[in-house]
Amino acid sequence: RRETLLAWCRARGVSLPDPGQLEAIERLLSCREHNSPCVRVADYEIRRFDGQLFLMAALGAPPDPATRLDWSGRRDLVLPGDAGRLVTDSQATGRGHGLVVCFRCGGERLVRDDGHSQPLKDFCQQRRIAPWIRARLPLIYHGGRLVAVADRWIAPGLCDALAGVLTRIKWRHGLTGD
């Protein structure tokens, strides 16, 4: 296993872990995932989620949950705390839509197509979104209502103009080591 881990690191062009770090990485394979296990080596991290290892740039602190970014939805938006950026289709035109981008603080709920609500936490767990990604998910509000979770969910029943803008938004990030 150690040789495989070293070969993986070499193939990714990162500094090789020392013997103690290799041992810690091997422990990642059997530890409980709810703790979001991670081993830092030089300027990268190896994380485990859903039975997979992820090699990625070391992350700083996630965005402050009190962050509120006003956004028209017409231009790309760089997000704080290693959360990447929201990218809009270059054909987005017209007036801005008065969107506000925030981050999880707990208790957020989505409205499903059937009209019932669901906790954002459950949504993330069902879709197997890793904890370090959940902390950086941009939540898009319009008029105080949650209308989108990055590019992973859009509220049903929005006006055509707003729904059209939200379907052209893509969330670009490096949170999975891609």
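A Förster radius of 22 Å, combined with the Cβ-Cβ distance separating residue 3 from residue 40, puts the computed FRET efficiency at roughly 0.55. In the context of the full protein assembly, residue 38 retains an accessible surface of approximately 50 Å², using a probe radius of 1.4 Å and ignoring ligands and nucleic acids. Ordered from highest to lowest accessible area with the whole protein assembly present and a 1.4 Å probe, 168, 127 read as 127, 168. Accessible surface area normalised per residue over the range 1-151 is 54 Å², counting heavy atoms of protein chains with a 1.4 Å rolling probe. What separates the Cα centres of the range 152-174 and the range 49-126 is a distance of 11 Å. In a reduced charge model with +1 at each Lys and Arg Cβ and -1 at each Asp and Glu Cβ, the chain shows a dipole moment near 120 debye about its Cα centre. [x] 10, 32, 32, 17, 6, 2, 1, 0, 0; [y] 8, 31, 37, 19, 5, 1, 0; [z] 9, 33, 29, 18, 9, 1: which one is P(r) over Cα pairs in 10 Å bins from 0, in percent as calculated from this entry? So the calculated entry is the one marked [z].
Sorted largest first by accessible area at a 1.4 angstrom probe radius, with every protein chain in place, the residues 33, 23, 45, 3 fall in the order 3, 23, 33, 45. Under 5 Å between amide hydrogens, built in the peptide plane, is the criterion, and for residue 112 it picks out 117, 118 among residues at least 5 positions away or on other chains. Shape call for the range 103-178 from the C-alpha gyration tensor, a ≥ b ≥ c root eigenvalues: rounded (a/c under 1.5), prolate (a/b greater than b/c) or oblate? Oblate is the answer for the range 103-178, as a/c is 1.5 or above yet b/c matches or exceeds a/b. Counting only protein heavy atoms and a 1.4 Å probe, tell me what percentage of the range 39-79's accessible area is made up of carbon and sulfur. Carbon plus sulfur share of accessible area: 45 percent. Simple rule: put +1 on each Lys or Arg Cβ and -1 on each Asp or Glu Cβ in the chain, find the dipole, and look at 100, 63, 157; the Cα lying farthest toward the positive end is 157. In this structure, the amide hydrogen of residue 168, modeled 1.01 Å from its nitrogen in the peptide plane, lies closer than 5 angstrom to no residue at least 5 positions away or on a different chain. Dipole size of the range 75-160 about its Cα centre, with +1 on Lys/Arg Cβ and -1 on Asp/Glu Cβ: approximately 260 debye, rounded to the nearest 20. Counting only whole DSSP H helices of the chain, there are none at least 18 Å long by C-alpha along their axis and with mean Kyte-Doolittle hydropathy no lower than 0.5. Between the amide H of residue 76 and those of 88, distances stay under 5 Å, these residues lying 5 or more places away or on another chain, with hydrogens modeled in the peptide plane. Ligands, DNA and RNA excluded, the heavy atoms of residue 18 present near 80 Å² of accessible surface to a 1.4 Å solvent probe.
The values are calculated or read from the model by the stated rules, or taken from the named source; none is laboratory data. These numbers were taken from a predicted model, which means no experiment stands behind them. Cβ coordinates were reconstructed from backbone atoms using ideal geometry, including for glycine residues, and neighbour counts include every protein chain displayed. Remember, those area values only see protein heavy atoms, side chains included, never the ligands or the DNA or RNA. Shrake-Rupley method; radii C 1.70, N 1.55, O 1.52, S 1.80 Å.
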